[in-house]
Amino acid sequence: MNVLPSIRSRLIAIVLATVIPAVLALGLLGYILYDNQKKQLEIDMLQTTRAMVAAVDRNFDIGLNVAQALAGSRSLQDGDFARFHVVASAVLTDRFPGFNFVLSDESGQQLVNTVRPFGAPLSKHGNPDLLRKVFVTGAPLVSNLYIGGVLNLPVVSIEVPVRRNGKVVYVLSCGFSTDSLTRLLTEQHLPEGRMAAVFDSEGVIAARTHMADKLIGRKGIPELLAKMRVQNQGIVEARTLDGLDVIIAFSRSPETGWSVGLSTPWTVVQSEALKRIALVYAMVFVLLTAGVAAGWVIGGNISQSVRDLAASALALGRGEAVVVMDRGPQEAIVVGRTLKAVERELQQYRDHLEELVVQRTAALEASNRELEQFAYVASHDLQEPLRMVVSYVDLLSLRYADHLDAEAREFIGFAREGALRMREQIIDLLQYSRIGRHDGGRTTVNLDEAVKEALSNLKNALEETGGEVMLANGLPAVVGVHVELVNLFQNLIGNALKYARPGEPPRVEISAETNGDGYVVKVADNGIGIDPQYHERIFGMFQRLHSRGEYKGTGIGLAVCKKIVEKHGGRIWIDSSIGKGSTFFVAFPVVIEAAAEASS
């Protein structure tokens, strides 16, 4: 008879057998962790630079908008420079990113400078070439770093033409100090060891978190500037002007040509990676030690339980009383109870089946309640892997662009486009699943306000298409969820702007009329129209009548509209034909009196 090792010995052997491959795997894991840490750091740095260059653009946009508003002020048009000095100085609060306004004539002579009292002698503009360019083109421009004519310090300015009778007669400059740009960088609260810098369109350093007093006005390192000239964002491994070996991520603004660079010393990268590797090694060691100890304890418990069960089986065979175990593994206790009560097994089985039916019935009811929650969670959690796919495909394209042929770059483009398209579909699914889940319950919603909020959200689309939306006076108020009704009109108006006829600006009319049960809201457009055979199909999920090359989108917008309307107890339909535009009808079953009663 062959005697095999005990259960305890086998469990210990299994645990110990994992040690050798685990040690080998740890070496590979260390390399993978280091590589992943570096890649993730690069991704995080790129995201940070994109946010920082957006912040720089936002400050410039604020300065541009305020300068354009001042350029059209009454005092400036009337030539009342004293009054204009007062008005412009009042704008320069702590919340405004700029520090002064300068008004110059075509010769470059400064007429007003808010850093000097009105009437004080003023020098000429510090950037005459840029000034002349604004007079010639009549377009606002963002300067590079230059020395200001009055303060004799490095400044950046936004130059805005001042017109009178259609002719540029002055140029209004909004000045930004390098201190304000440096303060913008420090407000990002970068992790320790990170360094950031702002570069103008010529690659000159305009702000820096470290050694700003020594490096502002100097050009960045050649490797970085070379990449900035050909890419909007990227990664560079180089040595900084202050002698540190670093990884540099940069993003360049397509509007101004200004860039933000963020560097991390190699010592920081290696330190962070080693910390994670050491933590993983410590965890693996603890787990291996715990595994051996657990194997020893569990093996002893199982062995004792087997011996107890053997004694119970022998007692049952001899007709003696069976002692049921009250300690040990659950399985051993179940077997012991079975030996004690085998005659009751069938009855217990029937009882178990009845209990199982009750549990399954309850589970089915819970499943029906959770189907909507599942769609929400699935859509939300799927976005992160897709973001990673896009990020790594972009990183692959950036890092190995010089080593890939045209076909490989095309394949990468297909992969990125597919991931982005799937992400759009997931976002739309997430939006679809959220319908009916908004907190706060229903209230009385004024549809005039809902439409105006939707138009505010579509401001960019209206400007790009030249669209016009006419809203009839006195749209009704209904009982509903405000954010969902805004979404309803945003989708309907957005579709009208998207599917406009070529060469004709989109025109949308929104009106309402009463019927026997409530109100019918009409959204009519002058777009390309829809064949009547597709009038039912378009309200289905992911139903598209055109290729993605013709019109962008996922085909879920009208499905969202239908679900919102049905959640509000109404219905939606369409009247349309090819080339004659479309009219969507939304019937709300509750009149304003009923809405008031419900809200009270």
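Inside the range 435-469, residues that are surrounded by 14 or more Cβ atoms within 10 Å (Cβ to Cβ), at pLDDT 85 or above and small (Gly, Ala, Ser) make up a count of 3.
Taking the stated definitions as given, is Phe135 over 39 Å from the mean Cα position of the chain (by Cα) and not small (Gly, Ala, Ser)? For Phe135, the condition - over 39 Å from the mean Cα position of the chain (by Cα) and not small (Gly, Ala, Ser) - is met. Does Gly474 satisfy the condition of being at pLDDT below 85, in the same structural domain as Ile564 (by TED's automatic domain parsing) and either in contact with a Phe, Trp or Tyr (Cβ under 7 Å, 6 or more places away or on another chain) or surrounded by fewer than 20 Cβ atoms within 10 Å (Cβ to Cβ) (or both)? Judged against the criteria, Gly474 is a match. Scanning the range 494-527 for residues that are of a type in the set (Ser, Thr, Tyr) and crowded, with 17+ Cβ neighbours inside 10 Å gives Tyr499, Tyr519. Summed over the range 481-493, the residues that are surrounded by 19 or more Cβ atoms within 10 Å (Cβ to Cβ) and either on the phi > 0 side of the Ramachandran plot or hydrophobic (A, V, I, L, M, F, W, C) (or both) give a count of 7. Condition test on Asn473, is it part of a helix (DSSP H, G or I), over 24 Å from Lys567 (Cα atoms) and out of contact with any strand residue (DSSP E or B) (no Cβ under 8 Å at 6 or more places or on another chain)? In short, no. Can you name every residue in the range 86-107 that is among the small types (Gly, Ala, Ser) and within 17 Å of Ala71 (Cα to Cα)? The answer is Ala88, Ser89, Ala90, Gly98, Ser104. Checked against (1) touching a residue at least 40 places away in the same chain (Cβ under 8 Å); (2) surrounded by fewer than 22 Cβ atoms within 10 Å (Cβ to Cβ); (3) not assigned by TED's automatic domain parsing to the domain that holds Asn100, Val246 meets all criteria but (2). Within the range 51-86, the residues that satisfy the criterion of being more than 27 Å from the chain's Cα centre (by Cα) and either buried (at least 16 other Cβ atoms within 10 Å of the Cβ) or aromatic (Phe, Trp, Tyr) (or both) are Val66, Ala67, Gln68, Leu70, Ala71, Ser73, Ser75, Leu76, Phe81, Phe84, His85. All of Val198, Val204 fail the test of being aliphatic (A, V, I, L, M), touching a residue at least 24 places away in the same chain (Cβ under 8 Å) and over 26 Å from Ser391 (Cα atoms), apart from Val204. Inspect the range 202-210 for any residue being at pLDDT below 90 and touching a helix residue (DSSP H, G or I) at 6+ places or on another chain (Cβ under 9 Å) and give the result as yes or no. Among the residues of the range 202-210, at least one is at pLDDT below 90 and touching a helix residue (DSSP H, G or I) at 6+ places or on another chain (Cβ under 9 Å), which makes the answer yes. Checked against the criterion of being on the phi > 0 side of the Ramachandran plot, assigned by TED's automatic domain parsing to the domain that holds Phe96 and touching a residue at least 24 places away in the same chain (Cβ under 8 Å), the candidates Gly149, Gly138 yield just one match: Gly138.
A count restricted to the range 150-165 and to residues that are of a type in the set (D, E, K, R) and either out of contact with any Cys (no Cβ under 9 Å at 6 or more places or on another chain) or surrounded by fewer than 24 Cβ atoms within 10 Å (Cβ to Cβ) (or both) stands at 2. Once the range 166-186 is narrowed to residues that are of a type in the set (A, V, I, L, M, F, W, C) and in contact with a Gly (Cβ under 7 Å, 6 or more places away or on another chain), the residue that is surrounded by the fewest Cβ atoms within 10 Å (Cβ to Cβ) is Val168.
The values are calculated or read from the model by the stated rules, or taken from the named source; none is laboratory data. Just so it is clear, the model here is predicted, and its values are computed rather than measured. Cβ atoms come from the backbone with ideal geometry, glycine included; neighbour counts cover every protein chain shown.
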